[in-house]
1. For segment A:34-121, list the strands (runs of 3 or more DSSP E) that sit wholly inside it and hold at least 1 residues that are at the interface with another protein chain (Cβ under 9 Å from one of its Cβ atoms) and over 23 Å from B:T73 (Cβ atoms); which are they?
2. Please work out which one of (1) within 26 Å of B:S153 (Cα to Cα); (2) at pLDDT 95 or above is the condition B:P79 fails and give its number.
3. What number of residues within segment B:167-199 are away from every other protein chain (no Cβ under 14 Å) and either of a type outside the set (A, V, I, L, M) or free of Cβ contacts under 8 Å to residues at least 12 places away in the same chain (or both)?
4. Looking at segment B:147-230, what strands (runs of 3 or more DSSP E) fall wholly within it and have at least 1 residues that are surrounded by 17 or more Cβ atoms within 10 Å (Cβ to Cβ), modelled with pLDDT of 95 or more and within 19 Å of the chain's Cα centre (by Cα)?
5. Looking at (1) away from chain A (no Cβ under 14 Å); (2) under 16 Å from the mean Cα position of the chain (by Cα), which is the only condition B:F76 fails?
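The values are calculated or read from the model by the stated rules, or taken from the named source; none is laboratory data. Nothing here was measured: the structure is a model prediction, and the numbers come from that model. Heads up, the Cβs are rebuilt from the backbone with ideal geometry, glycines too, and the neighbour counts pull from every protein chain shown.
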Amino acid sequence: MKLCLVVDDSRVVRKVARRILEDLGFEVAEAGDGAEALAWARTAMPDVILLDWNMPVMNGLEFLRRLRQEPGGDLARVLFCSVENDLDRIREALDGGACEYIMKPFDGDILASKLTLAGVL
Amino acid sequence: MTPQDRELVARLCAERAGLRVEADRTYLLENRLGPVARREGFASVHDFVCAVRDRDEERLIWAAVEAMSPAETAFFREPQALGCIVAEVLPELARRRDGGPLRLWAAACGAGQEVYSLAMALAEAGPPGVAIEIFASDLCERRLEKAQAGIYSQFEVQRGLSAHRLVEHFEAADEGFALSPRLRQMVRWRRVNLIEDLSRIGKFDLILCRNLMGRLLDEARGRVLANLEEALAPGGWLVLDAEEVVPGLTADSGRPGFFRRSAAARAAA
């Protein structure tokens, strides 16, 4: 079973994502910001990371930059999941190493489609 | 909607377009006809269907039938088939052709996602130096208008379309994301009812017609297949849903849903 870490400061978003991901067959862990997610990744590197952009303590882009410097951090497939829907921001996330980008709000079909495109479903 | 309303709509769909509409699928009927009824200024779907029955106006009848026609909504719905077309079928067709453009036809293009997926795939990795003309048609005028505009909502661009392709091929628009003019200009559009006489539509090297056959009544399905077969250029391909079986056409063993006219049919033609 693949492990997906959901990184989002909204408990509601984490709960919605968890329900969809579990239905899709993922094991799910949660983090409320980038720093917490980095601690998680150092303990058990997730296969997939669903990553919010704007979060307290450490934002998504900074987390991704630091993740890629961790041992095994280049293997995790990172999908940004943000309210940001500006094409320049999406390009920035992809240039930063994300393999996919989800614009909120999302539903189960969108999440499944993006996980398929990311090659993890 | 009353049972009589649902039966009327099912009958009109069968008569005008050969569509199989099950009259007991109340939710589907109301879901599709609701926006049409509101657009036409009726208080309810029932009022709209009463007007269809009582006024006998072609415009209203077609508004109902078109709304019930299949509407594909995802980009790159079958990426393997698209990849096969771009990487294998078109180069092979181009090699056998002496000059002249390859002509492709998306016969039931809905709101354009499939034909634009093909255009994107061609722009990225199409056979070099080969002129390609893409035609797209649908029964539904409103869907064609949307397709021609090439503007899709945030939800639509997240179904099947990768973020890389989104930033590569789309621009920001007021109501979502607009496909680049370069890709939109690759496609020519026309409203076509596939059960009508299509003998003047021309010949095509590849015809895509997916997500439709299963929605047609048996007789209409036969007529549509005969029309599409007739529109195939010599050596051309008809691409249907992977599970389709078509008497009279030869299926490609390695490519589910890909058909060619049989040698006997080609000889007879």
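1. Output list reads A:77-82.
2. (2)
3. Start the filter on segment B:167-199 by keeping residues that are away from every other protein chain (no Cβ under 14 Å), which leaves B:181-199.
If we keep only those that are either of a type outside the set (A, V, I, L, M) or free of Cβ contacts under 8 Å to residues at least 12 places away in the same chain (or both) as well, we get B:181-182, B:184-185, B:188-191, B:193, B:196-197, B:199.
Selection size over segment B:167-199: 12.
4. Per the criteria, B:176-179, B:187-191, B:204-208.
5. With (1) away from chain A (no Cβ under 14 Å); (2) under 16 Å from the mean Cα position of the chain (by Cα) applied to B:F76, the lone miss is (1).
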